[in-house]
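Heads up: the structure comes next, in structure tokens.
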């Protein structure tokens, strides 16, 4: 699949949203049959189908068929972790300036597809979709700016009682598994951006109910100079995939933002204990509020380096 | 080796009671569990009988801490600070006594308890005391709130120092604590309880419950504990992480390590040798951040090992209270058994074992300083934490290989690098996945300096500005 393929279904929908009464638009669509987009996974910079060959029906908020989304398997999750691990060295080693530039580029690409996202979000039942897309773009810009500032805020030079130079600085935790909230664009951006801007790579399970915007976002990511594997997006059953990621020994941290089911959260937390994953499970989320630095610091380690001083 | 006349520190400065109770709500009280004996590991002499806190006793302690939390957290930070400063001062005043007590109960050389542990303990309280009325400047908003009752479980390798690392920041931030010292080293924590009384610390702010793993589990799993802080093995850390899953308790874990100490061919050799010795033989190697894997560049391996062996020949093993002793007793029979088991496995897997000529005392638990050469990354002694005076030596050719081998472990607590080339230090330090990197030094600690691990060495930081986060509701 071409990375720049235009999702015709969404375009038709955009017209639908713009022109109002569905029947008229539908009747006009019948003049030329729309070329629909196949929604697949996003792993290692590529768009594969689930290796399991499974898909599930995604409907609009009114119950109309929208698409068959890929239903990711355990194997897909493992492939995604492999891709994220492979990308970690380069991405964490990139300069913060470079990471900030790339996140800003993601914001630009998102802005340029504004209409498409407004349409997709509207279909999935998001109210005031235009404002949501604007907020998502702004959030990316906000996080992009953190890339080369967070170390100054969370690092320190430590005045030890001895002839030593001593400095603490933040470093990315590693591969982060993220269960995205059921807030298909703003929520998704709000969980991905803070994870990757500091140099982590991630595997994201998209909103199960409304997964399509996440794959469209993957198209944005794929055209933003974001190295392959930095963000990997899975669609499918959260309940099925999340425990595998929580138990995966090459995942360093877990963001359970999108897990509403208490039992599933506990299962994941217990599984995460096996290799002492850092688990982030915030209570309540107002995606329109100032995010603060909590999501940035949740996936940072502090490294302290000592060296003697002396002539 | 020079002959040294014995130079024992007097143990008259300590007054050990025959039995100790629990410290709850400002009073010493009997425990309802079966009491246990704590021994001097250097002689196996019983030092005292100590109460075991049952689940019920732990509950009483948590309730006392909860009751005290209201007034303690509401007290102006400047007043809390003064209590903590008082504690710091009393520790300084009683440091000789506490050092001797620590060496008696733990087996560590008096030189270390006197010159390292106790000064750091006092400094840690002094440091965090100063934070109590400055929390609004720490970067967590104008008035960051404490968490509540902290349940803290500490290990036996640095008993009083680990207590300080746990209690000082907790109190400074306005929390109250229930702390469980290790069952083999409870005495300095109980002496600390007495210090809290001398300082007129309000009852219930600090509670000390003694006992073994069950007491610790009761504390960690108590529903009215808001914060769990644990230092100890990765295995127990895992269990704790699992048991508090879903509870919403804030957790910090400082767990095991298998630190690489990397020596490049351009390193200052004599200094590196001292650093290696300090890295692995400090505190009998009972150090989570010990430099237990020596990675030496192939071109200097022979020369370095000769120098290292020469240096090991001068280490003095014996009476922990002797001021000339370098290597004291292994803390317990169980730990000695584990060190022996892993060392035997090292030999069985094909590594070559070497120790200097070294006579071990008849009584007590002892293990000679030991080096394994020809160690492969797959050997147990290269992968598992020995927590004893056992060094595994591996070699490398390029900086990239050194980094890869150093990071080839599930742990990530600390690492060392020795080279005279500045750019290489910074490059290696940035590539090492470890929370503390000592460059051209090793095993240095300071209350202002954050300490804690990556990966399976746990999470959270202790010390410094970063150490506050663990005890604030942020």
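Looking at the protein assembly as shown, send over the antiparallel percent of its DSSP beta bridges, to the nearest 5. All intermediate terms of the calculation are to be shown ahead of the outcome.
On the way: 35 of 93 bridges.
Taking every DSSP beta bridge within the protein assembly as shown, about 40 percent pair in antiparallel fashion.
Would you mind telling me the antiparallel percentage of the DSSP bridges in chain B, rounded to 5?
30 percent
Give me Rg/Rg_expected for the range A:52-119, where Rg uses Cα atoms only and Rg_expected = 2.2 N^0.38 Å with N residues.
Relative to the 2.2 N^0.38 Å estimate, the range A:52-119 comes out at 1.58.
Give the percent of DSSP beta bridges with both residues in the range B:260-439 that are antiparallel, rounded to the nearest 5.
10 percent
Report Rg(Cα)/(2.2 N^0.38 Å) for the range B:197-265, keeping two decimals.
After normalising by residue count via 2.2 N^0.38 Å, the value is 1.51.
Taking all pairs of distinct Cα atoms, average 1/r, flip it, and tell me the Kirkwood hydrodynamic radius of the range B:134-186 in Å to one decimal place.
12.1 Å
List the extent of the Cα atoms of the range B:153-286 along each of their three principal axes, largest first, rounded to whole Å.
That gives 55, 39, 28 Å along the principal axes, largest extent first.
Return the Cα extents of the range A:42-308 along principal axes one, two and three, sorted largest first, each rounded to a whole Å.
Here the spans come out as 70, 38, 33 Å, largest first.
From the alpha carbon gyration tensor of chain B, can you work out the equivalent ellipsoid semi-axes (sqrt of 5 times each eigenvalue) and give them in Å, largest to smallest?
36, 26, 20
Could you tell me the ratio Rg/Rh of the protein assembly as shown? Both radii from Cα atoms, Rh via Kirkwood. Kindly include the intermediate steps, with their values, before the conclusion.
Values: Rg = 28.6 Å, Rh = 27.9 Å.
Using Cα coordinates only, the ratio equals 1.02.
What angle do you read, to the nearest 10 degrees and between 0 and 90, between the alpha-carbon axis of helix B:422-431 and the longest principal axis of chain B?
Result, in degrees: 60.
In nm², what is the average projected area of the convex hull enclosing the Cα atoms of the range B:45-186?
On the way: hull surface 35.8 nm².
Mean orientational projected area (the range B:45-186, Cα hull): 8.9 nm².
Which order do the peptides A:291-300, A:228-237, A:112-121 come out in when sorted by mean C-beta neighbours inside 10 angstrom, highest first?
In descending order of packing, they fall as A:228-237, A:112-121, A:291-300.
Quote to one decimal, in nm, the extra length available between residue B:473 and residue B:271 on full extension: 0.36 nm per residue of separation minus the C-alpha distance between them.
68.4 nm
Using Cα centres only, tell me the gap between the range B:306-384 and the range A:170-240 in whole Å.
First find each Cα centre; the distance between them is then 49 Å.
Can you give the three extents of the C-alpha atoms in the range B:1-114 along their principal axes, from longest to shortest, in whole Å?
59, 39, 22
Kindly list the residues of the range B:428-450 that lie in the label zone of residue A:165, defined by a backbone N under 15 Å from the point 7 Å along the Cα-to-C-beta vector.
Label zone hits: B:428-430, B:437-441.
Stretched out fully, how many nm does the piece from residue B:233 to residue B:421 gain, at 0.36 nm a residue minus the Cα gap?
The span from residue B:233 to residue B:421 would gain 64.2 nm if fully extended.
Taking only the Cα atoms of the range A:179-277, how large is their convex hull per residue, in Å³?
Residue-normalised Cα hull volume stands at 87 Å³.
Provide, in order from the shortest bin, the percent of all Cα-Cα pairs of the range B:177-224 in each 10 Å bin, continuing until the bin that contains the maximum pair distance.
26, 50, 24, 1
What Kirkwood radius, in Å to one decimal, follows from the Cα pairs of the range B:260-439? Let's see the in-between values first.
Details: mean 1/r = 0.0610 Å⁻¹.
Across the range B:260-439, the inverse of the average 1/r is 16.4 Å.
Give, in whole angstrom and from largest to smallest, the semi-axes √(5λ) of the equivalent ellipsoid of the range A:120-211, with λ running over the eigenvalues of the Cα gyration tensor.
Taking √(5λ) for each Cα gyration eigenvalue gives 36, 15, 8 Å.
At q = 0.16, 0.23 Å⁻¹, what base-10 log of I(q)/I(0) does the Debye formula yield for the range A:195-247 when every alpha carbon is treated as an equal point scatterer in vacuo?
-0.51, -0.94
Bear in mind these aren't lab numbers, they're just calculated from the coordinates by the rules spelled out. Keep in mind it's a predicted model, so treat the numbers as computed, not measured. Cβ: placed from backbone, ideal geometry, glycine included. Neighbour counts: every protein chain shown.
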